[in-house]
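Novice: Let me begin by handing over the structure; questions about it come next.
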Amino acid sequence: MNMLRGLLMAAAVALLGACASHEPAPVEERGAPAVAAKAGAAATVPAADRAGFYTVKKGDTLYSIALDHGQDYKDVAAWNYLENPNLIKIGQQLRVVPPESAAPVAVAKPVSSSGPVEIRTAQAAASANTDSYKREPKGGKIPWSEDALAKARQGDVAKPAEAKPAAAEKAADKPVEKPAVAGDDVDWMWPASGKVMAGYSEAGNKGVDIAGKVGDPVVAAAGGIVSYAGAGLRGYGNLVVLRHNANLLSVYAHNSKLLVKEKDTVTKGQKIAEIGSSDADSPRLHFEIRRQGKPADPQKFLPPR
């Protein structure tokens, strides 16, 4: 009996050992981590790295962003579906170029026939050519004769004058139009009569400061459209921005009074504001010229005086 019990216990121990030696194999997921890694890599590319986008930084306003990119703030708000221009957040990515300015993608279109292809026999083709020759206008042709043939061989028969296409005549008669104003081709004048207090500096002053008394006139340095009129740009006080063409803006800051509103069309020399000291230590006009949003030295544009 003891021997039987011992054999049973030995068999049980061996069975338990065999079960314990077969641990579950680890589960390895193949393919999923690689896909996740690719998705993560794509997600780390910021939209600001794409051409035409800007990431909002501390101290930015929609007005300053638009001015720095040579755009109207209302356009920037519309491109980014912003109902309130004053509500933008640090890190927010904004489109600063028109959506339609992206390079168009060329699409190849299959060549399609405008109608069924007509197959004719040689005889039918010859007949058609003969018919068409008979239906041609008779102007410029003379009846056949031996005399006419002889003259034709000598080159005495005058050839019919070729009709000049009407479109070509109109194109030749149409005067060449002068191209629209572009680039720096703008007629400038000084926006105020005072002396220059501070000149342009790439590292500091983005324009020139012109001295004056409160109430002195500020005039448009060139004809254009009012892109902005208000006090929403920190450090500029009461501000007017004029757009002159696709490339050039002019900026008039620190005014005491604004005499124009947004979308107004103004002419060169028109009074648009009065000199003041808003956001400045003393009465002055801060004047800038921006080419494609980037500040440029106004004295390189303005006439010498």
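Novice: Take the Cα atoms of region 47-99, find their three principal axes, and give me the spread along each one in whole Å, biggest first.
Specialist: Principal axes ranked by extent give 24, 22, 19 Å for the Cα atoms.
Novice: Right, next: Provide the per-residue ³J(HN,Hα) series for region 196-206, in order, calculated from phi with Karplus coefficients 6.51, -1.76, 1.60 and θ = phi - 60°, each as a whole number of Hz, with x at glycine and proline positions.
Specialist: Using θ = phi - 60°, the values come out as 6, 7, 8, x, 6, 8, 4, 8, x, 6, 7 Hz.
Novice: Now for a separate question. Once you charge only the Cβ atoms, +1 for Lys and Arg and -1 for Asp and Glu, what is the size of the charge dipole of region 47-99 about its Cα centre, to the nearest 20 debye? Walk me through the numbers on the way to the answer.
Specialist: Numbers: 6 positive and 6 negative charges, 34 e Å.
In debye, rounded to 20, region 47-99 gives about 160.
Novice: Next up: Could you please state, rounded to a whole Å, how far the C-alpha centre of region 208-224 is from the C-alpha centre of region 245-261?
Specialist: 9
Novice: Report the label-to-label distance for Glu202 and Ser64 in nanometres (one decimal), using points 7 Å from each Cα along the Cα→Cβ vector.
Specialist: 2.2
Novice: May I pose another question? So, by mean Cβ neighbours within 10 angstrom, what's the order for 277-285, 61-69 with the highest one leading? Could the numbers behind the result be given before it?
Specialist: Working: 277-285: 17.2, 61-69: 19.7.
Top to bottom by mean Cβ count within 10 Å: 61-69, 277-285.
Novice: Across region 196-300, how many lysine pairs, 8 or more positions apart or on different chains, have C-alpha atoms separated by under 13 Å? Please give the number. Kindly include the intermediate steps, with their values, before the conclusion.
Specialist: Details: Lys206/Lys294; Lys213/Lys257; Lys257/Lys271; Lys261/Lys271.
Summing the qualifying lysine pairs gives 4.
Novice: Would you mind giving the average projected area, over all directions, of the Cα convex hull of region 194-250 in nm² with one decimal? Could you put the intermediate results ahead of the total?
Specialist: On the way: hull surface 19.3 nm².
Directional mean of the projected Cα hull area for region 194-250 stands at 4.8 nm².
Novice: Please tell me the relative contact order of region 47-99 in percent, rounded to the nearest whole number, where contacts are Cα pairs under 8 Å and at least six residues apart. Intermediate values should be presented prior to the final figure.
Specialist: Values: 66 pairs, mean separation 26.2, N = 53.
That works out to 50 percent.
Novice: Provide the descending list of Cα extents for region 190-305 along its principal axes, expressed in whole angstroms.
Specialist: Each principal axis gives a Cα extent; for region 190-305 these are 32, 29, 28 Å.
Novice: Be a star and scan region 192-236 for residues whose amide nitrogen sits under 13 Å from the point 7 Å along the Cα-to-Cβ vector of Asp75.
Specialist: 225-228
Every read-out reported here was derived from the displayed coordinates using simple, explicitly stated rules and does not represent laboratory data. Values in this document were obtained by computation on a predicted structure and should not be read as measured data. Note that we place each Cβ from the backbone using ideal geometry, even for glycine, and neighbour counts take in every protein chain shown.
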